[in-house]
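Okay, so here's the structure we're looking at.
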Amino acid sequence: MSSHTSGKQLSDRLMDTLEDSMAKMFATDYVQKILMTGEMSDENIRYAKVYWKRSKELALVAIELLKRAYSVATNEGDRKIVDQWVKTVPEELAAYYQRFEQKLGGIGSDVKIQAIDETMIDYTLMHNREMKRGSFVRMMVTQLVGNWHVLRVHQYLKRQPLYRPNPMVTYFLFTEFPIETYVSLLKNMIDSNGGQISPPEELELIQLAKETMDLDMKIHLNL
């Protein structure tokens, strides 16, 4: 049976294919120990410092992708949303990373001068590939996966009796940002542009979502 007969919107069908990955993510030490407890141990702080650098590099790539998406968007409403993100998010992220660094007691040069690793190279190559391809829907899928991922982890944590809000969650999951709003807007843009997506093209989008999720998990876990 075609997924088009499920009655769900395209973005929901894509995210449904990532549920197994999310179940695996919920069971990791990253979620169960680092985020659940928020313990500022030496090991967790070391982990967070490496993530700080990796996440900051990832954010720069994502902003370039949004600029490219703006240039190919055909819907004026989509253009306005993406333009607003391009104009405001970089400054907000700069302040966020500064606060994150202060919370971690500073980031030493030993971390800052490290070359990007293979996971980040793969992530950058994927974004560059999608920018070159120039599909607005595909670029929005790459952004939806990352935002949906951190939103789902936060929703999971809030249901756990042992969880208490903590700095690790604040900074790893970007809870100072309106992530739920970002997810809603990204889903709407994908769905409003997805009416002409054929079943074979949808399968390609599913593979892209899975590829993005796989890399996103590696970015969070392989530190």
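So, for region 5-62, what is the accessible surface per residue at a probe of 1.4 Å, expressed in square angstrom? It would help to have the intermediate numbers written out before the result.
Working: 2710 Å² over 58 residues.
Each residue of region 5-62 exposes 47 Å² on average to a 1.4 Å probe.
Measure nothing but the geometry: give the 0 to 90° angle between the long axis through the Cα atoms of 42-72 and the longest principal axis through the Cα atoms of the chain, rounded to 10°.
Helix 42-72 sits at roughly 30 degrees to that axis.
What is the percent carbon and sulfur in the accessible area of the chain, measuring with a 1.4 Å probe over the protein chains and ignoring ligands? Mind dumping the intermediate values first?
Working: 5810 of 11160 Å².
The value for the chain is 52 percent carbon and sulfur by accessible area.
Hey, got the Cα dimensions of region 155-223 along the principal axes, in Å, largest first?
Largest to smallest, the principal-axis extents are 44, 27, 20 Å.
Give, rounded to the nearest 20 debye, the magnitude of the charge dipole that the chain has about its Cα centre when Lys and Arg contribute +1 at Cβ and Asp and Glu contribute -1 at Cβ.
Numbers: 28 positive and 30 negative charges, 69 e Å.
That gives the chain a dipole magnitude of about 340 debye.
Find the Rg to Rh ratio for region 10-222, where Rh is the Kirkwood radius over alpha-carbon pairs and Rg uses the same atoms. Don't skip to the answer; put the middle values down first.
Working: Rg = 17.1 Å, Rh = 17.9 Å.
We get a ratio of 0.96 for region 10-222.
Could you state the angle between the C-alpha long axis of helix 118-133 and the longest principal axis of the C-alpha atoms of the chain, as a value from 0 to 90 degrees rounded to the nearest 10?
Around 30 degrees separate the two axes.
Using a probe radius of 1.4 Å on heavy atoms only, what accessible surface per residue do you get for region 121-217? Whole Å² is fine. Before the final figure, lay out each step's value.
Working: 4360 Å² over 97 residues.
I get 45 Å² per residue for this part.
So if each residue of separation counts as 0.36 nm, and I subtract the Cα-Cα distance between E64 and Q207, what length gain in nm does that give? Numbers along the way, then the final one.
Numbers: separation 143, 0.36 × 143 = 51.48 nm, distance 2.22 nm.
Result: 49.3 nm gained on full extension.
Quick check: the angle from helix 179-192's long axis to the longest principal axis of the chain, C-alpha only, nearest 10 degrees?
Once rounded, one gets 20 degrees.
The values are calculated or read from the model by the stated rules, or taken from the named source; none is laboratory data. These numbers come from a predicted model, not from an experiment. Neighbour counts are summed over all protein chains in view; Cβ atoms, including those assigned to glycine, are modelled from backbone coordinates with ideal geometry. Keep in mind that these areas ignore ligands, DNA and RNA; they rest on the heavy atoms of the full protein, side chains included. Shrake-Rupley method; radii C 1.70, N 1.55, O 1.52, S 1.80 Å.
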